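Have a look at the structure below, then the notes.
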Amino acid sequence: MENLRGIALMVVSMALFALEDMFVKRLAADLPIGQILALLGAGGAVVFAAMALARGQRLWSGALLTRPVLLRNAGEVIGTLGFVTAIALTPLTSASAILQATPLAVTLGAALFMGAQVGWRRWTAICVGLFGVLLIVRPGLEGFRPASLFAVMGVAGLALRDLATRATPRNVSSLQLSTYGFAMLVPTGIVLMLVGEGPTGIDVANVGRLGAALVMGVAGYYAIVEAMRVGEVAVVTPFRYTRLIFALLVGMLAFGERPDALTLTGAAVIIASGLYTLWRERALSLGRTRR
């Protein structure tokens with residue numbers, strides 16, 4: 001029963017994140033990316049800071065200046081900047097499909113930089129998953145969209161964030177990490193507005209979209225945290241890939257997107273590789289436990 005509840009929460013969180021992406025893409029039609037990042041960062045930081053204070057947690061700790069936390073913040077900035085730019089400039093479906101390679105990138109980074117043991121089967125799965133990304137990006141081919149590389153940048157940043165999170169001090173809470181991760185988007189957005197397109201006026205419709213994006217993002221975050229708490233990680237985690245299903249529906253219904261065969265094939269390859277990697281990690285973990 002707990003696993004079913006965890007699965008349901010994970011699916012709900014992925015639906016909420018897909019809706020958040022929809023509102024961000026709508027905002028990007030009227031506002032510069034720097035302004036969107038600054039506003040979302042400020043709103044998210046305020047919400048998570050309030051949640052931390054409500055639970056009696058301090059907002060500041062010396063541990064927030066440790067290398068893993070600083071790297072996590074850098075990864076948050078790189079990942080969010082890359083993905084928001086990708087969904088603003090490319091179809092939501094293709095950007096979301098590339099994002100599904102993040103777990104593979106985390107496994108790759110853990111092997112290269114954290115000394116994790118990765119056998120030939122998972123190395124093969126990583127290579128196959130990266131091939132799936134190439135099917136979507138299509139460098140050198142007629143359908144190549146240079147802006148799709150921002151989604152790859154997003155994957156690299158989010159993988160850095162997730163890897164750094166594993167090394168953060170235990171006395172730093174998830175709410176503290178989220179507060180400062182969002183807060184870092186504010187100066188990033190300001191810099192982008194200084195060197196690029198400046199801020200523009202916001203009408204009532206875009207205020208509503210911004211508020212909806214914040215609500216969806218915060219609710220999605222809460223749902224995913226609860227999902228990982230109430231269900232087994234190995235059972236719940238594969239349902240992260242339902243985000244692509246919701247992205248496909250949102251892209252088709254809200255933006256009239258029609259992903260081509262290569263995009264769908266690449267997405268299927270990425271998901272299959274990711275699921276195999278998760279299954280293999282679980283099998284190895286069970287094997288160690290039995291010994």
Notebook entry, point to check: Do any residues in the range 247-262 that are in contact (Cβ under 8 Å) with a residue 40 or more places away in the chain and among the aliphatic types (A, V, I, L, M) have Cβ atoms under 9 Å from those of residues that are assigned to a helix (DSSP H, G or I) and open to solvent by 70 Å² or more (accessible area, probe 1.4 Å), where the two are at least six apart or on different chains, and which pairs are they?
Noted result: Leu248/Leu264; Ala254/Arg26
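Scan the helices (runs of 4 or more DSSP H) fully inside the range 77-163 and keep the ones with 2 or more residues being closer than 21 Å to Arg258 by Cα. Write out each step before concluding.
Working: elements: 92-99, 102-113, 120-137.
So the answer is 92-99, 120-137.
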Next item on the list: Name the single residue, out of those in the range 229-261 being farther than 25 Å from Glu281 by Cβ and of a type in the set (Asp, Glu), that is least open to solvent (accessible area, probe 1.4 Å).
Entry: Glu257
Check: Do we have any residue at all in the range 197-217 that's part of a helix (DSSP H, G or I), farther than 26 Å from Leu19 by Cβ and either at pLDDT 95 or above or in contact with a Ser or Thr (Cβ under 9 Å, 6 or more places away or on another chain) (or both)?
Finding: no
Note to self: Checking the structure you have, find out if any residue of the range 55-75 is under 28 Å from Thr263 (Cα atoms) and in contact (Cβ under 8 Å) with a residue 12 or more places away in the chain.
What the structure shows: yes
Notebook entry, point to check: Just checking, which of Thr107, Thr124, Thr179 is farther than 30 Å from Arg58 by Cβ, crowded, with 22+ Cβ neighbours inside 10 Å and of a type in the set (S, T, N, Q)?
Noted result: Thr107
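Considering only the range 21-32, how many residues are open to solvent by 40 Å² or more (accessible area, probe 1.4 Å) and either under 21 Å from Ala223 (Cβ atoms) or in contact (Cβ under 8 Å) with a residue 60 or more places away in the chain (or both)? Reasoning before the result, please.
Just the residues of the range 21-32 that are open to solvent by 40 Å² or more (accessible area, probe 1.4 Å), to begin with: 23, 26, 29-30.
If we keep only those that are either under 21 Å from Ala223 (Cβ atoms) or in contact (Cβ under 8 Å) with a residue 60 or more places away in the chain (or both) too, we end up with 23, 26, 30.
So the count comes out to 3.
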Next item on the list: Six or more apart or on different chains, Cβ under 9 Å: which pairs go from a residue in the range 120-137 that's of a type in the set (Lys, Arg) to one that's open to solvent by 70 Å² or more (accessible area, probe 1.4 Å)? Could you list them?
Entry: Arg121/Tyr276; Arg122/Tyr276
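Report yes if Val118 is over 23 Å from Leu81 (Cβ atoms), open to solvent by 20 Å² or more (accessible area, probe 1.4 Å) and of a type outside the set (Ser, Thr, Tyr), otherwise no.
Working: over 23 Å from Leu81 (Cβ atoms): yes; open to solvent by 20 Å² or more (accessible area, probe 1.4 Å): yes; of a type outside the set (Ser, Thr, Tyr): yes.
The answer is yes for Val118.
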Note to self: Scan the range 49-56 and tell me whether some residue there is surrounded by 20 or more Cβ atoms within 10 Å (Cβ to Cβ) and either hydrophobic (A, V, I, L, M, F, W, C) or modelled with pLDDT of 95 or more (or both).
What the structure shows: no
Notebook entry, point to check: Considering Leu64, Leu16, Leu92, which residue is in contact with a helix residue (DSSP H, G or I) (Cβ under 9 Å, 6 or more places away or on another chain) and open to solvent by 30 Å² or more (accessible area, probe 1.4 Å)?
Noted result: Leu16
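The values are calculated or read from the model by the stated rules, or taken from the named source; none is laboratory data. Here the structure is a predicted model, which is why all the values come from computation and not from measurement. We place every Cβ from the backbone using ideal geometry, glycine too, and count neighbours over all the protein chains shown. All accessible areas refer to the heavy atoms of the entire protein, side chains included, with ligands and DNA or RNA removed. Shrake-Rupley method; radii C 1.70, N 1.55, O 1.52, S 1.80 Å.
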